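**Student:** Take this structure, written in structure tokens, and hold onto it; I'll ask about it next.
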């Protein structure tokens, strides 16, 4: 991938990827790291020489997966700390004033999302961020007809877990 | 429309309404009920996920400047100036992630029956006699979607479990462990078992009528793994062996089942192409490796062909090879040359 194309791709995709990662992580600095990691991974990947739409789909998947992995790692770290009696790890939100109102609910959504199979979580994340079926299919490497399968199963699992997760 | 829809079609209907399907609901209370359930799931998930919109990153006046700062940082990591500066945090993380992937690959290939089951179910190796790497450009194939093709019975298959010592592991696995260099800190083992995928033709899953009821039967070998831990108890080296993996077909030709599975869209196109390119597919066990994962090379391990993963950084390496008794592997936090020497000594 040439420097010019890398820079153009970076400028075009970075804001979108930060937004996607922020939905999952709720932390701007961490979202920026996830977006940068995804773009750096692209630079060394054969897909970098493919058309822009394929690059966009690949980046969507990689960024969503990396964000979900970070979320799961965070949850494991929090559980480990809690298990030894220390204070629970919490991520400082962008705006602390939000915490009282909606932050806890958002963390609950993220916890449920992190517990889903990766492909289902990615499908839900992309769909509810407004990506069309064709883009989700490209991102996940499945037929468009399979997107409904992933969404139906993901939403069923999400609802079940959501209703079981304490408020 | 007279055909009932499955939940996937109903979910797609919520986003892209289908008039024929809509008319069908008037005459089919079960479908109408299923649609309500699917809509309730989608509504609950949608309302919850919209909470994340409220906390979304807002467009700010400094957005363009932030992109340029991030781009400069990424460019520095991508192309370090000469002489090379101290590695940036990202540059440290990438080989570390690769090291973790190396260990994961070795464990999947050697001591994880679930992994072998999945590989065999997908890739239809008849009897593993050699190994071949296939690169995945997705994190994992869509096994869940493949499950819609029929029923999967994994019997008593499970993760390896701790046993008292190597002898107990060998007894459980029904194989002989490699000659170990020292007494391991922990031994894991799993018994041999059988898994079965039986295809069921339905109106929507694409299974042809001639394959309805046909089965892939996977004879999953026993496996035993020896773990060596560091001073804080984290495993840093593993040596393992499993028996020979075999797959047979019932109710259809193995080649037909393979052709059908490889034609499914659930498998990424690049993976299908690699699998279709395996000349001796009846005896070649593919080892899936992430395309952006660790470097790998084919190697000679005491006259047997194997695959080595990793580099000389010492962060992680693995060697896996097959001989007449099965698949053997070593992995750990060591340079790949050390892993090769260890493999050759077994």
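Rule-based calculations on the coordinates, nothing more; no lab input. Remember, it's a predicted structure, so these values are computed and weren't measured experimentally. No Cβ is skipped: glycine too gets one built from the backbone with ideal geometry, and neighbour counts run over all protein chains shown.
**Student:** If you average the C-alpha positions of segment B:208-229 and of segment A:1-34 separately, how far apart do those two centres end up, in angstrom?
**Tutor:** Each part reduced to its Cα centre gives a spacing of 40 Å.
**Student:** What does the extension gain come out to for residue B:217 and residue B:255, with contour length at 0.36 nm per residue minus their alpha carbon separation? Don't jump to the answer; show the numbers that get you there.
**Tutor:** Values: separation 38, 0.36 × 38 = 13.68 nm, distance 1.36 nm.
Value of the extension gain: 12.3 nm.
**Student:** Can you give the FRET efficiency for residue B:72 and residue A:72, using 1/(1 + (r/R0)^6), R0 = 30 Å, r = Cβ-Cβ distance, to the nearest 0.05? If you can, show how the numbers build up before the last one.
**Tutor:** Working: r = 30 Å, r/R0 = 1.01.
Here the calculated transfer efficiency is 0.50.
**Student:** Hey, another quick one. What's the FRET efficiency of residue A:143 with residue B:180 using the Cβ-Cβ distance as r and R₀ = 51 Å, to the nearest 0.05?
**Tutor:** Details: r = 47 Å, r/R0 = 0.92.
After rounding, the FRET efficiency stands at 0.60.
**Student:** Residues in segment B:296-313, backbone N under 18 Å from the label point at residue B:337 (7 Å along the Cα-to-beta-carbon vector): list them, ranges by number please.
**Tutor:** B:296-302, B:308-313
**Student:** May I pose another question? Please work out the FRET efficiency for the pair residue B:325 and residue A:134, using the Cβ-Cβ distance as r and a Förster radius of 51 Å; give the result to the nearest 0.05. All intermediate terms of the calculation are to be shown ahead of the outcome.
**Tutor:** On the way: r = 49 Å, r/R0 = 0.95.
After rounding to 0.05, the efficiency reads 0.55.
**Student:** Compute the distance in nm between two label points, each set 7 Å from the Cα along the Cα-to-Cβ direction, one at residue B:246 and one at residue A:29.
**Tutor:** It works out to 5.8 nm between the two label points.
**Student:** Average partner chain C-beta neighbours within 10 Å, per residue of A:54-61? Mind showing how you got there, number by number?
**Tutor:** Values: counts 0, 0, 0, 0, 2, 0, 0, 3.
Partner-chain Cβ atoms within 10 Å, mean over residues of A:54-61: 1.
**Student:** Okay, next question. Counting only other chains, and only Cβ atoms inside 10 Å, what mean value do you get across the residues of B:307-320?
**Tutor:** Details: counts 0, 0, 0, 0, 0, 0, 0, 0, 0, 0, 0, 0, 0, 0.
The mean count of partner-chain Cβ atoms within 10 Å per residue comes to 0.
**Student:** Moving on to the next point. Figure the gain on full extension for residue B:18 and residue B:201 (residue separation times 0.36 nm, minus the Cα-Cα span) and round it to one decimal in nm.
**Tutor:** Values: separation 183, 0.36 × 183 = 65.88 nm, distance 2.40 nm.
Full-extension gain reported as 63.5 nm.
**Student:** Separate question: Once you average over the residues of A:109-119, how many Cβ atoms of partner chains fall within 10 Å of each Cβ?
**Tutor:** If you average over the peptide's residues, the count of other-chain Cβ atoms is 3.
**Student:** On to the next question. May I have the convex hull volume per residue, in Å³, for the Cα set of segment A:6-80?
**Tutor:** Residue-normalised Cα hull volume stands at 78 Å³.
**Student:** If you don't mind, there's one more thing I want to ask. How far apart, in nanometres, would the label points at residue A:12 and residue B:37 be if each is projected 7 angstrom from Cα along the Cα-to-Cβ direction?
**Tutor:** Taking the simple label geometry, residue A:12 and residue B:37 are separated by 4.3 nm.
**Student:** Using the basic label-point model (7 angstrom from Cα toward the beta carbon), what is the residue B:161 to residue B:3 distance in nanometres?
**Tutor:** Inter-label distance under the simple model: 4.5 nm.
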